[in-house]
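A short reminder: the numbers here are calculations on the coordinates, not readings from a lab. Remember, it's a predicted structure, so these values are computed and weren't measured experimentally. With ideal geometry, Cβ positions are generated from the backbone for all residues, glycine too; neighbour counts draw on all protein chains shown.
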Amino acid sequence: AQSVTQPDIHITVSEGASLELRCNYSYGATPYLFWYVQSPGQGLQLLLKYFSGDTLVQGIKGFEAEFKRSQSSFNLRKPSVHWSDAAEYFCAVGITGGGNKLTFGTGTQLKVEL
Amino acid sequence: DAGITQSPRHKVTETGTPVTLRCHQTENHRYMYWYRQDPGHGLRLIHYSYGVKDTDKGEVSDGYSVSRSKTEDFLLTLESATSSQTSVYFCAISQALTGNTEAFFGQGTRLTVV
């Protein structure tokens, strides 16, 4: 079965600093990969997704992620963090023929210091 | 925002009582899902539906049942609520089976079982 690991439970960065959130997945074939963001008391919003093709994908709010098959990783990056980026971030994997059932990581809580 | 409405948004119930959560969509998406979100676990799939009257179990289905009599409505029932079912419940919808489309999430229902 597929699985997702987000090794960092909490991350704190200063506003304007760069950000990288780590995500590793386990799946036997090429997965579909997603990053979602959740603000307090809200549902999940899709930041970006990877299905195939270019391994560097661009998303909303200035985020990007890079799929590295050799490392089974799909890390999320942003060159300059804004205070409004403080939220919880979830990496998820979907599988072919899986009914779009997503398996989520445990999330990374991002705090932004002003 | 995708047209997904969860009701109620908050509920407190007593151990042993039945509880039904409702998810209503206006997008005419075929696939609907119930997830629960708990600290340290991310989101875990409870049940999902791939059409009217077609449902299947997810990874944490024990103690839960679902029904889908109309495309737009997906009900989650806790037959006899337990404290371990205290959680935030999210409904999601998706268009495609293959996994290469995103899932859209509702705002969540916070359930407390006392």
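Quick look at the values:
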item: Extension reserve of the residue B:10-residue B:77 stretch, reckoned as 0.36 nm per residue once the Cα distance is removed; result: 22.6 nm
item: Total charge dipole magnitude, the protein assembly as shown, about the Cα centre, Cβ charges on Lys, Arg, Asp, Glu only, Debye to nearest 20; result: 260
item: Normalised per residue, the volume of the convex hull around the Cα set of segment A:1-95 (Å³); result: 101
item: Calculated SAXS-style log₁₀ I(q)/I(0) at q = 0.21, 0.25 Å⁻¹ - segment A:54-114, Debye, Cα scatterers; result: -1.01, -1.23
item: Pairwise FRET efficiency - residue B:107 versus residue A:82, Cβ, R0 = 35 Å, nearest 0.05; result: 0.90
item: Full-extension gain in nm, residue B:62 to residue B:28, via 0.36 nm per residue minus C-alpha separation; result: 9.4 nm
item: Ordering of A:69-76, B:7-14 by burial proxy (mean other Cβ atoms within 10 Å per residue, highest first); result: A:69-76, B:7-14
item: Cross-link partners of residue B:11 among lysines (Cα-Cα below 26 Å; sequence separation of 8 or more within a chain); result: B:57, B:70
item: Convex hull of the protein assembly as shown built on C-alpha atoms - directionally averaged projected area, nm²; result: 12.1
item: Average partner coverage of B:103-113, which counts Cβ from other chains inside 10 Å; result: 3
item: Partnerless Cys - the protein assembly as shown, beta-carbon criterion under 4.7 Å; result: none
item: Residues B:43, B:111, sorted so that the one with the fewest Cβ neighbours within 10 Å comes first; result: B:111, B:43
item: For A:85, A:54, B:38, order by how many other beta-carbon atoms lie within 10 Å, fewest first; result: A:54, B:38, A:85
item: Value in Å of the Kirkwood radius, where chain B supplies the Cα pairs that are averaged; result: 14.0
item: Spatial separation of Cα centroids for segment B:1-47 and segment A:1-24, in angstrom; result: 26
item: Computed FRET value (nearest 0.05) for residue B:53 with residue B:2, which takes r as the C-beta separation and R₀ as 22 Å; result: 0.45
item: Average beta-carbon neighbours from other chains, 10 Å sphere, peptide B:41-53; result: 3
item: Efficiency of FRET between residue B:114 and residue A:17 - r from beta-carbon atoms, R0 30 angstrom, step 0.05; result: 0.10
item: Shielding by partners, peptide A:76-83 (average Cβ within 10 angstrom, other chains); result: 0
